[in-house]
Amino acid sequence: MSSDSRDRRVDDYLRGLPGAMPPADLGERILARHASRRRLRRLLPLAAAATLLAGFLAWRAQTPAAPPVLVVDPPAALLDLRSVDRRLQAAYLAGAGETELDRLWNAREQAVAELRGGGHGSGRRQVRL
């Protein structure tokens, strides 16, 4: 038996084995699969960035909730003090005399003293927490 016939018999035997020879389109399928993986590797970071950007923009677009508001009764002395301050300012703008200004300053000092003493009254105002 010559070596050529033996090689041919071995080749024929190997070809006859089931699945011994890869399919003809195997190389094309491998290349196509690698190309799709490369495309996916390029698109995945873009998709992740777009998702993060959309989430950030949605978060920024939310309107903030209104802060809670506590309704408090201010002391009557505080209301009096505000009133006296407005009258003092008006008196200065109108060029009031010394006696009128002294009377308003005394009323202001009395309102401050009453406020320090803790006097309370009616009336409501809102305080942001």
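Gln110 meets all of the listed conditions (1) under 28 Å from Val69 (Cβ atoms); (2) modelled with pLDDT under 90 but one, namely (1).
Residue-wise test of (1) assigned to a helix (DSSP H, G or I); (2) modelled with pLDDT of 90 or more.
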site	(1), (2)
Ser83	yes, yes
Gln89	yes, yes
Asn106	yes, yes
Arg116	yes, no
Gln126	no, no
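Residues of the stretch 54-85 that are closer than 30 Å to Arg103 by Cβ and aliphatic (A, V, I, L, M): Ala76, Ala77, Leu78, Leu79, Leu81, Val84.
The values are calculated or read from the model by the stated rules, or taken from the named source; none is laboratory data. What you are looking at is a predicted structure, and each value in this text was computed from that prediction instead of being measured. Don't worry about glycine lacking a Cβ; one is built from the backbone with ideal geometry, like all the others, and counts go over all protein chains shown.
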